[in-house]
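Q: First the structure, then my questions, so here it is.
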Amino acid sequence: QQYNIVYIMTDDHTAQMMSCYDNRYVETPNLDRIANDGVKFTNSFVANSLSGPSRACMFTGKHSHANGFYDNTTCVFDGSQQTMPKLLQKAGYQTAIIGKWHLESLPTGFDYWEILPGQGDYYNPRFIEMNNDTIVEKGYLTNIITEKSINWLENQRDKNKPFCLFVHHKACHRNWLPELKYLSLYEDKTFEMPDNFYDDYEGREAAKTQEMSVLKDMDIMYDTKMYRADKDSRLKSTYEDYVGRLDPEDRKVYDEFYQPIIDEFYKKNPQGKELAEWKYQRYMRDYAKVLKSFDDNVGQLLDYLEQNGLLKNTLVVYTSDQGFYMGEHGWFDKRFMYEESMHTPLVMRLPDDFKTKAKGDIPEMVQNIDYAPTFLDLAGAEIPEDIHGVSLLPLLKGEKPADWRKSLYYHFYEYPAEHMVKRHYGVRTERYKLIHFYNDIDAWELYDLQEDPKEMNNLFGKEGYEQITEDLMQELHRLQAQYKDPIEEKLKK
Ligand code: SGN
Ligand code: CA
């Protein structure tokens, strides 16, 4: 028997905002339902914390230097290369992707696809169809992606074949435009600020020069919606374009909600810490609203699968393309190899008749390059030698492989670019993290995640850490050799 796969992915959703990982901020009952009926990976990471690269890693099972898609700004995915969807097709599967694609070239390896142009639109969104025409759909993107996914499952697929469906949401990506029915949700809630919101980045050069600060870089109109025609802001016109997509009657509802907040904001004109805290609350509320619509939609899709007898023989996977900062270090966005962005949520509901089954938390370190070999393994297909990831199937079967990987490799390339996070690579073990920032900087960082989980204290070069550093350097070079990442050689020249 071949199991089906439903892979649900969000954009920029982070474990701090998923109640089965962290219950400080919001409830996500439908995402938790996947975990409660299945497993939750507590040490799940990406290889390059950015959308396009992360998707390329996922589809190929390979690190960025091997799949060729390093960054969002200069790369075009080479669709002629080996990918997991193509290999699944060979194994007899029907494959489909609906939603965010973000790899520039058109999809290959899918029997059906309907993708968003670039980042996509929350309101009355555009879709690119298989004939390369762009169409506009009425409504809220998160709901439309679910409708299209259910429609494919119900009416468009070949019901005699197993399937792998990729449901790729834009939620919860910037600029967090809520579904109109949820505009007022969370407005009475005050979110507690992380205790390192006012980080001074001491001992961390690259962290000092980023441009992803809630206070400094979050745009007052585009991000926090404090629009006024007579004022200016850097992303004002982008904001006008996105909100301008609403039908006039919906625009009225939207404006009526924000107008009193806008009036109060400009009257009070908060500055300094007061402004930072005000922006933080706006950010958290809008993000939580967008997430709420997504969580509802997960519930709908699970209900459809259950009511149509599909849940029992389907692996349901939920993950995000990376983590995100919810004010930690004073930030939004991702990119850094620090925990909040390298970590990504990962929960799975296993097929009912899966022989022995894992339950609860899985603590082994896993990475998004592992999804491809896992799905191939589940489909009974061969896993090509050149794939970097490893199958998670043994872990899903409740096994505890003694030789499970002891370290993870990471490499981020998109610099100079928006948010100005410098290029870096590094190694993460269960306890430590060693990072090298390079290009227009040459700075190493070392963290003891057990003693300093918030990565505030750079131990590199400090007395007493010589041996640990030496061991991590060796492990880093071992991984670079194993994956054939030529970077250190290039830097030497
Ligand atoms: C856009 C956003 C950035 C974000 C990147 C990458 N700016 O450029 O804030 O970091 O996407 O995000 S915006 O003004 O266009 O909203 S990713 O998740 O697609 O990699
Ligand atoms: Ca993303």
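The values are calculated or read from the model by the stated rules, or taken from the named source; none is laboratory data. Quantities reported herein were computed from a predicted structural model and do not represent experimental measurements. Cβ: placed from backbone, ideal geometry, glycine included. Neighbour counts: every protein chain shown. All accessible areas refer to the heavy atoms of the entire protein, side chains included, with ligands and DNA or RNA removed. Shrake-Rupley method; radii C 1.70, N 1.55, O 1.52, S 1.80 Å.
Q: Being surrounded by fewer than 23 Cβ atoms within 10 Å (Cβ to Cβ), under 24 Å from residue 175 (Cα atoms), more than 16 Å from ligand 2 (Cβ to nearest atom) and among the polar types (S, T, N, Q) narrows it down to one residue among 300, 281, 307; which is it?
A: Values: 300 fails: under 24 Å from residue 175 (Cα atoms); 307 fails: under 24 Å from residue 175 (Cα atoms).
Of 300, 281, 307, the one residue that is surrounded by fewer than 23 Cβ atoms within 10 Å (Cβ to Cβ), under 24 Å from residue 175 (Cα atoms), more than 16 Å from ligand 2 (Cβ to nearest atom) and among the polar types (S, T, N, Q) is 281.
Q: Quick one: count up the residues across region 200-209 that are open to solvent by 10 Å² or more (accessible area, probe 1.4 Å) and either assigned by TED's automatic domain parsing to the domain that holds residue 416 or in a helix (DSSP H, G or I) (or both).
A: Within region 200-209, residues that are open to solvent by 10 Å² or more (accessible area, probe 1.4 Å) and either assigned by TED's automatic domain parsing to the domain that holds residue 416 or in a helix (DSSP H, G or I) (or both) number 3.
Q: Could you check region 220-252 and list, in sequence order, the residues that are within 13 Å of ligand 1 (Cβ to nearest atom), within 26 Å of the chain's Cα centre (by Cα), surrounded by fewer than 18 Cβ atoms within 10 Å (Cβ to Cβ) and assigned to a loop (DSSP other than H, G, I, E, B)?
A: The answer is 234, 235.
Q: In addition: For residues in region 317-375 being within 14 Å of residue 37 (Cβ to Cβ) and hydrophobic (A, V, I, L, M, F, W, C), which is farthest from ligand 1 (Cβ to nearest atom)?
A: Taking the candidates together, the pick is 354.
Q: Still on this structure: Just the residues that are within 15 Å of ligand 2 (Cβ to nearest atom) and part of a loop (DSSP other than H, G, I, E, B), please, taken from region 310-326.
A: Of everything in region 310-326, those that are within 15 Å of ligand 2 (Cβ to nearest atom) and part of a loop (DSSP other than H, G, I, E, B) turn out to be 321, 322, 323, 324, 325, 326.
Q: Would you check if residue 347 is open to solvent by less than 10 Å² (accessible area, probe 1.4 Å), within 16 Å of ligand 2 (Cβ to nearest atom) and touching a Cys at 6+ places or on another chain (Cβ under 8 Å)?
A: Values: open to solvent by less than 10 Å² (accessible area, probe 1.4 Å): yes; within 16 Å of ligand 2 (Cβ to nearest atom): no; touching a Cys at 6+ places or on another chain (Cβ under 8 Å): yes.
When the stated conditions are applied, residue 347 does not pass them.
Q: Of all the strands (runs of 3 or more DSSP E) wholly in region 16-122, which have at least 1 residues that are within 16 Å of ligand 2 (Cβ to nearest atom) and small (Gly, Ala, Ser)? Steps first, answer last, please.
A: On the way: elements: 39-41, 94-99, 112-115.
Because the criterion is at least 1 residues that are within 16 Å of ligand 2 (Cβ to nearest atom) and small (Gly, Ala, Ser), the strands (runs of 3 or more DSSP E) in region 16-122 that meet it are 94-99.
Q: Which of the residues that make up region 112-144 are closer than 24 Å to residue 381 by Cα and either in contact (Cβ under 8 Å) with a residue 24 or more places away in the chain or surrounded by fewer than 19 Cβ atoms within 10 Å (Cβ to Cβ) (or both)?
A: Residues of region 112-144 that are closer than 24 Å to residue 381 by Cα, as a first pass: 112-113.
Listed by number, the list holds a single entry, 112.
Q: Which condition from (1) under 30 Å from residue 160 (Cβ atoms); (2) under 19 Å from the mean Cα position of the chain (by Cα) is the one that residue 118 breaks?
A: It fails just one condition, (1).
Q: Let me ask another. Looking only at region 162-174, which residues are more than 13 Å from ligand 2 (Cβ to nearest atom) and touching an Asp or Glu at 6+ places or on another chain (Cβ under 9 Å)?
A: 163
Q: Another one. Take the residues in region 460-485 that are polar (S, T, N, Q) and open to solvent by less than 90 Å² (accessible area, probe 1.4 Å); name whichever of them is nearest to residue 447 (Cα to Cα). It would help to see each step written out before you state the result.
A: Just the residues of region 460-485 that are polar (S, T, N, Q), to begin with: 467, 469, 474, 480, 482.
Pick out the ones that are also open to solvent by less than 90 Å² (accessible area, probe 1.4 Å) and you get 469, 480.
On the way: 469: 10, 480: 20 Å.
Among residues in region 460-485 that are polar (S, T, N, Q) and open to solvent by less than 90 Å² (accessible area, probe 1.4 Å), the one nearest to residue 447 (Cα to Cα) is 469.
Q: Among 321, 353, 333, 286, which is at pLDDT below 95 and not basic (Lys, Arg)?
A: Working: 321 fails: at pLDDT below 95; 333 fails: at pLDDT below 95; 286 fails: at pLDDT below 95.
353 is the lone residue from the list that is at pLDDT below 95 and not basic (Lys, Arg).
Q: Any idea which of (1) open to solvent by 10 Å² or more (accessible area, probe 1.4 Å); (2) in contact with a His (Cβ under 9 Å, 6 or more places away or on another chain); (3) away from ligand 2 (no atom under 15 Å from the Cβ); (4) not in a helix (DSSP H, G or I) is the one residue 7 doesn't satisfy?
A: Only one criterion is unmet by residue 7, namely (1).
Q: For a quick check of your reading of the model, give me the residue pairs whose first member lies in region 10-29 and is in the same structural domain as residue 55 (by TED's automatic domain parsing), whose second is more than 16 Å from ligand 2 (Cβ to nearest atom) and of a type in the set (Lys, Arg), with beta-carbon atoms closer than 7 Å and at least 6 apart or on different chains.
A: 20/40
Q: Which residues, taken from region 176-196, are crowded, with 21+ Cβ neighbours inside 10 Å and closer than 30 Å to residue 456 by Cα?
A: Listed by number, the list holds a single entry, 176.
Q: Now for a separate question. Among what's in region 60-101 and is charged (D, E, K, R) and crowded, with 23+ Cβ neighbours inside 10 Å, pick the residue that is nearest to residue 143 (Cα to Cα). Write out each step before concluding.
A: If we filter region 60-101 for residues that are charged (D, E, K, R), which is where we start, we get 62, 71, 78, 86, 90, 100.
Now restrict to residues that are crowded, with 23+ Cβ neighbours inside 10 Å: 62, 100.
On the way: 62: 32, 100: 14 Å.
The qualifying residue nearest to residue 143 (Cα to Cα) is 100.
Q: Have a look at 451, 418, 445, 488 and point out the one that is open to solvent by less than 30 Å² (accessible area, probe 1.4 Å) and not assigned by TED's automatic domain parsing to the domain that holds residue 53.
A: Details: 451 fails: open to solvent by less than 30 Å² (accessible area, probe 1.4 Å); 418 fails: open to solvent by less than 30 Å² (accessible area, probe 1.4 Å); 488 fails: open to solvent by less than 30 Å² (accessible area, probe 1.4 Å).
Of 451, 418, 445, 488, the one residue that is open to solvent by less than 30 Å² (accessible area, probe 1.4 Å) and not assigned by TED's automatic domain parsing to the domain that holds residue 53 is 445.
Q: Filter region 152-193 for residues that are more than 16 Å from ligand 1 (Cβ to nearest atom) and among the polar types (S, T, N, Q) and give the result.
A: 155, 156, 160, 184, 190
Q: Oh, and also: Could you run through region 386-415 and say how many residues are in a loop (DSSP other than H, G, I, E, B) and surrounded by 20 or more Cβ atoms within 10 Å (Cβ to Cβ)?
A: 8
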